[in-house]
1. Name every residue in region 121-130 that is more than 9 Å from the ligand (Cβ to nearest atom) and open to solvent by 10 Å² or more (accessible area, probe 1.4 Å), in order of residue number.
2. Looking only at region 167-184, which residues are free of Cβ contacts under 8 Å to residues at least 24 places away in the same chain and basic (Lys, Arg)?
3. Considering (1) within 15 Å of the ligand (Cβ to nearest atom); (2) at pLDDT 95 or above, say which one Gln158 fails and leave the rest.
4. Go through (1) without any contact (Cβ under 8 Å) to a residue 40 or more places away in the chain; (2) farther than 30 Å from Gln223 by Cα; (3) open to solvent by 20 Å² or more (accessible area, probe 1.4 Å) and name the single condition Leu36 misses.
5. Starting from region 312-335, take each residue that is under 20 Å from Ile251 (Cβ atoms) and list its partners that are among the charged types (D, E, K, R) and surrounded by fewer than 20 Cβ atoms within 10 Å (Cβ to Cβ), counting only C-beta distances under 7 angstrom and pairs at least six apart or across chains.
6. Quick one: Gln250 ticks every box in (1) at pLDDT 95 or above; (2) of a type in the set (S, T, N, Q); (3) within 23 Å of the chain's Cα centre (by Cα) bar one, so which box is it?
7. Could you tell me which residue of region 255-269 is farthest from the ligand (Cβ to nearest atom), considering only residues that are modelled with pLDDT of 95 or more and out of contact with any strand residue (DSSP E or B) (no Cβ under 8 Å at 6 or more places or on another chain)?
8. If a residue must be in contact with a Phe, Trp or Tyr (Cβ under 6 Å, 6 or more places away or on another chain) and more than 18 Å from Asn190 (Cα to Cα), how many such residues does region 202-247 contain?
Amino acid sequence: MNIRNYYSLLDLNTFKVNVSAEFYINIQSENDLLKLLQNTSHKKIFILGGGSNILLTRNIKGLVIHNQIKGIKIKTETNKHIIVEIGAGEIWDQVVKWSTERNLYGIENLSLIPGYIGAAPIQNIGAYGTEIKDVFQELKAVNLKTKKTHFFNKFDCQFGYRDSIFKNKLKDKFIITKVTIKLSKINTLNLSYKAIKKELEKVNHKRFTSKDIREVIIKIRKQKLPDPKYIGNAGSFFKNPIVNQDILNQIKNLHPEVPFFKNNDQIKIPAGWLIEKLNWKGFRDKNCGVYNKHSLVLINYGNASGIDIVNLSKKIKQDVNQKFNIKLEEEVSII
Ligand code: NAP
């Protein structure tokens, strides 16, 4: 195990912000992780996965552990489903590819989401009406203080909308090493989102597989979202706000076309619509801006600092609050 000093994190965060770690180590197995934790004297530990949902605003003091624990292991298989345990350092989208190639169902709507699987339960990743909680079985994690291993089931994780206990009470307290999910062998496609239906209407066959849906979603996402390989970004910067009926009515009075989604008495308005309505789409301020094909995505044109991007996000939040009386919350973790 090789600990590096003043290690650049430029290529390890998808926002492509140029900061460094005081100390950095790349961990490939659970055993190495336990050995490291038992022997380290570092008090400050920061866990890095795929770096796709963070905005780094400063150099990181202490030890950065880059969790690259790999492995996809089938634990149980019946004629209806399969239970798979996956190393936290596996790339999420490779897991989706693996599942659709085997004609398995459950995570195809989550195609092309960047990042590692270890981070997926932390923010309960979601897209097109599916969340990881829908297939989640359990996760294994090490307590950074006691160095003991624990298992968390779905209930323990307290999943919410892009949220879990690991973003709240247990924030920065555990390092996730394995995630176990249950995939179906039976066709259980979720085609509720209009964008998917619209694409499928163009294709001339009736029975779609998870692989077909993966291809459709990859096509839609590539049209709307910037590829972090070429443009620094961390996907949706803000969460879609949940509002009350009064706020919705006020907006409707001025903009009858406002999109909204009602679910269990909750009203969700797309944050992207609010931002676009205020003409931020395509806005650029020196080195950062708002993507011109999707206003929920803030981008780094090359040399933006984390602070530049935070400042832009604050201006957007202020504008949305002033004009719509809605407080946007970040989906991205600001560090
Ligand atoms: P979109 O189709 O333009 O719709 C805008 C928003 O409306 C979405 O964020 C979605 O909420 C909501 N929505 C649309 N149809 C809905 C329905 N049938 N039922 C309930 N809510 C509905 O969205 P988009 O921005 O292109 O994103 C498509 C999907 O990919 C969304 O699920 C989005 O969350 C996901 N996505 C995630 C990220 C990320 O970085 N986390 C980035 C891009 C896209 P929800 O977000 O709650 O689904």
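1. Ile122
2. Lys169, Lys171
3. With (1) within 15 Å of the ligand (Cβ to nearest atom); (2) at pLDDT 95 or above applied to Gln158, the lone miss is (1).
4. If we test Leu36 against (1) without any contact (Cβ under 8 Å) to a residue 40 or more places away in the chain; (2) farther than 30 Å from Gln223 by Cα; (3) open to solvent by 20 Å² or more (accessible area, probe 1.4 Å), just (3) comes out false.
5. Short answer, once both residue conditions are applied: Asn321/Lys327; Leu328/Lys317; Glu329/Lys239.
6. It is condition (3) that Gln250 fails.
7. Result: Pro256.
8. Counting residues in region 202-247 that are in contact with a Phe, Trp or Tyr (Cβ under 6 Å, 6 or more places away or on another chain) and more than 18 Å from Asn190 (Cα to Cα) gives 3.
The values are calculated or read from the model by the stated rules, or taken from the named source; none is laboratory data. Model, not experiment: these values are computed from the prediction. For neighbour counting, all protein chains shown are included, and Cβ atoms are generated from backbone atoms with ideal geometry for every residue, glycine included. Side chains included, ligands, DNA and RNA excluded: accessible areas come from the protein's heavy atoms. Shrake-Rupley method; radii C 1.70, N 1.55, O 1.52, S 1.80 Å.
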